[in-house]
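The structure appears below as structure tokens.
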Amino acid sequence: MMNESASEKVTVPVRGRAARAGPLPYRSSPVFDETTLPLALCRDHRIKAGVWAVIRVLDGQLIYREASGEAILLTPDRRGLIEPERPHHVEVVGPVTLQIDFYDRRPEPTS
């Protein structure tokens, strides 16, 4: 007989793997590459109030730049967290594939 503590974290399958309990995306973009990435994402824009996003680079590298000038190099090991209403854009630096997940609350910290 298993004895489960109420304080143990529950895992749920997400796209075929186990993940920590936490908010799940309510929508995900198609997978983009350097040739299919919408040009609007390469210009300053913002996501609406109450929406958080995570850029997941599946292969290659991508620069995430905030309007303040701060730049973060995103890789498969480093995701980009986008806060609501914060101006930003991305810069393609070579071959890349990526997907963007959208949340209705702040997702768990990403690597």
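The values are calculated or read from the model by the stated rules, or taken from the named source; none is laboratory data. Source: prediction; values computed, not measured. The area values use the complete protein model at the heavy-atom level, side chains included, leaving out ligands, DNA and RNA. Shrake-Rupley method; radii C 1.70, N 1.55, O 1.52, S 1.80 Å.
Scanning region 22-32 for residues that are open to solvent by less than 50 Å² (accessible area, probe 1.4 Å), outside any loop (DSSP other than H, G, I, E, B) and not hydroxyl-bearing (Ser, Thr, Tyr) yields one hit, PHE32.
Within region 101-111, which residues are open to solvent by 60 Å² or more (accessible area, probe 1.4 Å) and part of a strand (DSSP E or B)? Listed by number, the list is empty, since nothing qualifies. Consider PRO76 carefully, then state whether it is modelled with pLDDT of 95 or more and more than 14 Å from the chain's Cα centre (by Cα). No. Considering region 49-100, the qualifying strands (runs of 3 or more DSSP E), each wholly inside and each with 1 or more residues that are open to solvent by less than 30 Å² (accessible area, probe 1.4 Å) and under 17 Å from ARG27 (Cα atoms), run over 52-66, 80-82.
Might you let me know whether region 63-72 holds any residue that is among the polar types (S, T, N, Q) and at pLDDT 95 or above? No, region 63-72 has no match at all.
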